[in-house]
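Enquirer: The structure's right below; bear with me while I get my questions together.
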Amino acid sequence: MVYEVKNNMLFTHSFEEVFPCGHSNNSPAMAQRIFQSRAEGSRIWDIDDNEYIDYTGALGPNILGHCHPKLTAGLKAYLDQKSVCTGASFLFSEDDVHLGRKIIKHVPCAEQVKLCVTGSEAVQQALRLARAYTQRPYYLKFGGHYHGWIDSIFGGEPNPEKDVKPFPVFDKRTNTKGKSPGSYAEGLMVPWGDLEKLKDTLESYGSDIAVMIMEPVCNGGTLLPVEGLLEEIRQLCNHYGVLLCFDEVITGFRTSLGGAQQTFGVVPDLCTLGKALGGGMPISAVAGRADILNQFRDAAVMGQGTFNGNPFCVKSALETISILEQDNGAAFSHMEHVQRELMIGLDRVARDKGIPMRVQGPTGVFATFFGADPDKPLQYSVDLETVDHQLMLKFHKSSLEKGVYTLFGRWFPSVVHTQKDTVQALEVFEDVLSGL
Ligand code: PMP
């Protein structure tokens, strides 16, 4: 295959004139834009007819790959019969009930559910619920954990000074102009993995902390929690009366049907879901204890939104979960198997080529960290200092040109990736590494 991007280049120019830096501008480094002509299964084709194995998973949602026949059939049948928008407050369908029941069945903490549209919104709803329930002002978050783009929780880094209230401080990497000046005082921030600092913070400010929010597998689902850490955090929350919220926007319906809370056996009070939940359509949720969610009942806690529970998105989520749960979760077992073979293969190739690289991640997402010791698990944000970001970028670009599409070394498998994809991806990987 000759990689050519003639039409892609043409459209990139026009696109940039209209849309400054794309629709989501968190990766300005992604200078190479792909304009798709079609997609099927694990593959996409661009308008220059280059074919790619797609491991980007659209950053998480595409757990079923592209154009999954059952999902497509379900959505087409829906479009033939029903309205795609019915009004979040007054007109529903039986799909709503079926979807809610499925979330409650699979997600351990879920006794009740609230639907929203994006992960960022679900996080905001969770914070509001927690503040209302505890009547405490702050949330607590960890360095290197992402919870959406909204001012109240976006960015900052832990304050290195001792004996100050640990509000996040300015951080160049996650800074944005235009952020509300008051937003840095809405929550406390602790370095991820610093248990002493966490305990000190809880001892000093615990009675003011409504909720501890965290990614159970942080750094976008790639740094697995150290054994016993989630359990210890759960106990600390119990002790200080702080609610625990797992942000499972990435891990939900990806690490397992019940998310990371099921995988690791630690049940939070609340969780947020998004991305894979909708199989590609925009739908998110807050789920958790009924006594907390019940605060929506008399609108004491407001949770409105025109597109909340949009019926077409609900249908997509319902079909997605139904496909994932078929035959006792056979799709997940398949994904797990294919992912494991791929991870083992990538590790072997890098070792053979003498390139330091660590491969790690739970089911449904993993990373190839170039520059890192292959035998040493990366656990905390500071461990990422060994990662060679230039090499990650070079790898991304070069593998893209050879038909393997990852996100700078982050891989999102789907239930339709095959052994054939693995063989081809490993051939490309070997080729790319020879040129690095
Ligand atoms: N939480 C986590 C853990 C996420 O990874 C993301 C998105 N990457 C969000 C929240 C925000 O979700 P959204 O982009 O749908 O607003």
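The values are calculated or read from the model by the stated rules, or taken from the named source; none is laboratory data. As the structure is a prediction and not an experimental result, all values here were calculated from the model. All Cβ positions, glycine included, derive from the backbone under ideal geometry; neighbour counts span all protein chains shown. Heads up: the accessible areas ignore ligands, DNA and RNA and are worked out on the full protein's heavy atoms, side chains in. Shrake-Rupley method; radii C 1.70, N 1.55, O 1.52, S 1.80 Å.
Enquirer: Restricting the search to the stretch 300-351, which residues are charged (D, E, K, R) and touching a residue at least 12 places away in the same chain (Cβ under 8 Å)?
Expert: Lys315, Glu319, Glu325, Glu336, Glu341, Asp347, Arg351
Enquirer: Still on this structure, I have one more. Criterion first (assigned to a loop (DSSP other than H, G, I, E, B) and either at pLDDT 95 or above or surrounded by 17 or more Cβ atoms within 10 Å (Cβ to Cβ) (or both)) does Pro28 satisfy it?
Expert: No: the conditions fail for Pro28.
Enquirer: In the list Met335, Met343, which residue meets the criterion of being in the same structural domain as Thr406 (by TED's automatic domain parsing) and open to solvent by less than 30 Å² (accessible area, probe 1.4 Å)?
Expert: Exactly one residue qualifies, and that residue is Met335.
Enquirer: All but one of (1) open to solvent by 40 Å² or more (accessible area, probe 1.4 Å); (2) within 16 Å of the ligand (Cβ to nearest atom) hold for His145, so report the exception by its number.
Expert: (1)
Enquirer: In the stretch 206-222, what count of residues is obtained for those that are open to solvent by less than 40 Å² (accessible area, probe 1.4 Å) and more than 12 Å from the ligand (Cβ to nearest atom)?
Expert: 5
Enquirer: Which members of the stretch 267-313 meet the condition of being over 20 Å from Ala88 (Cα atoms) and of a type in the set (Asp, Glu)?
Expert: Answer for the stretch 267-313, where residues must be over 20 Å from Ala88 (Cα atoms) and of a type in the set (Asp, Glu): Asp269, Asp291.
Enquirer: Still on this model: Considering only the stretch 56-81, how many residues are within 16 Å of the ligand (Cβ to nearest atom) and crowded, with 20+ Cβ neighbours inside 10 Å?
Expert: Selection size over the stretch 56-81: 5.
Enquirer: Whether any residue in the stretch 220-227 is farther than 29 Å from Ile321 by Cβ, touching a residue at least 12 places away in the same chain (Cβ under 8 Å) and touching a Phe, Trp or Tyr at 6+ places or on another chain (Cβ under 9 Å) is what I want to check.
Expert: For the stretch 220-227, residues farther than 29 Å from Ile321 by Cβ, touching a residue at least 12 places away in the same chain (Cβ under 8 Å) and touching a Phe, Trp or Tyr at 6+ places or on another chain (Cβ under 9 Å): present.
Enquirer: For the stretch 115-139, give me the residue count where each residue is of a type in the set (S, T, N, Q) and either outside any helix (DSSP H, G or I) or touching a Phe, Trp or Tyr at 6+ places or on another chain (Cβ under 6 Å) (or both).
Expert: Total satisfying the criteria: 3.
Enquirer: To continue, here is another question. Given the criteria modelled with pLDDT of 95 or more, outside any helix (DSSP H, G or I) and of a type in the set (S, T, N, Q), does Ser89 qualify?
Expert: no
Enquirer: Say whether the condition of being part of a loop (DSSP other than H, G, I, E, B), surrounded by fewer than 22 Cβ atoms within 10 Å (Cβ to Cβ) and more than 25 Å from the chain's Cα centre (by Cα) is met by at least one residue in the stretch 401-423.
Expert: Yes, the stretch 401-423 contains a residue that is part of a loop (DSSP other than H, G, I, E, B), surrounded by fewer than 22 Cβ atoms within 10 Å (Cβ to Cβ) and more than 25 Å from the chain's Cα centre (by Cα).
Enquirer: Still on this structure: Only residues in the stretch 139-152 that are under 19 Å from Cys116 (Cβ atoms) count as the first member; pair them with residues that are at pLDDT below 95 and more than 13 Å from the ligand (Cβ to nearest atom), Cβ under 6 angstrom, at least 6 apart or cross-chain, and list the lot.
Expert: So the pair list comes out as Asp151/Lys179; Asp151/Ser180; Asp151/Ser183; Ser152/Ser183.
Enquirer: Now, a different point. Take Glu203 and tell me if it is at pLDDT 95 or above and within 16 Å of the ligand (Cβ to nearest atom).
Expert: Judged against the criteria, Glu203 is not a match.
Enquirer: Hey, among the residues in the stretch 109-137 that are hydroxyl-bearing (Ser, Thr, Tyr) and more than 10 Å from the ligand (Cβ to nearest atom), which one's most open to solvent (accessible area, probe 1.4 Å)?
Expert: It comes out as Tyr133.
Enquirer: Every residue in the stretch 228-245 that is surrounded by fewer than 21 Cβ atoms within 10 Å (Cβ to Cβ) and either within 15 Å of the ligand (Cβ to nearest atom) or touching a residue at least 60 places away in the same chain (Cβ under 8 Å) (or both), please.
Expert: Once the filter is applied, which keeps residues that are surrounded by fewer than 21 Cβ atoms within 10 Å (Cβ to Cβ) and either within 15 Å of the ligand (Cβ to nearest atom) or touching a residue at least 60 places away in the same chain (Cβ under 8 Å) (or both), the stretch 228-245 yields only Gly241.
Enquirer: Continuing with the same structure: Given the stretch 210-317, what helices (runs of 4 or more DSSP H) lie entirely inside it while holding 1 or more residues that are more than 20 Å from Thr363 (Cβ to Cβ)?
Expert: Filter on the stretch 210-317 gives 229-240, 290-293.
Residue-by-condition table, conditions (1) touching a strand residue (DSSP E or B) at 6+ places or on another chain (Cβ under 7 Å); (2) open to solvent by less than 30 Å² (accessible area, probe 1.4 Å); (3) within 16 Å of the ligand (Cβ to nearest atom):
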position	(1), (2), (3)
Asp247	yes, yes, yes
Gly259	yes, yes, yes
Asp291	no, no, no
Leu324	no, yes, no
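Enquirer: Please tell me if Val190 is buried (at least 23 other Cβ atoms within 10 Å of the Cβ), free of Cβ contacts under 8 Å to residues at least 60 places away in the same chain and not small (Gly, Ala, Ser).
Expert: So Val190 passes the test.
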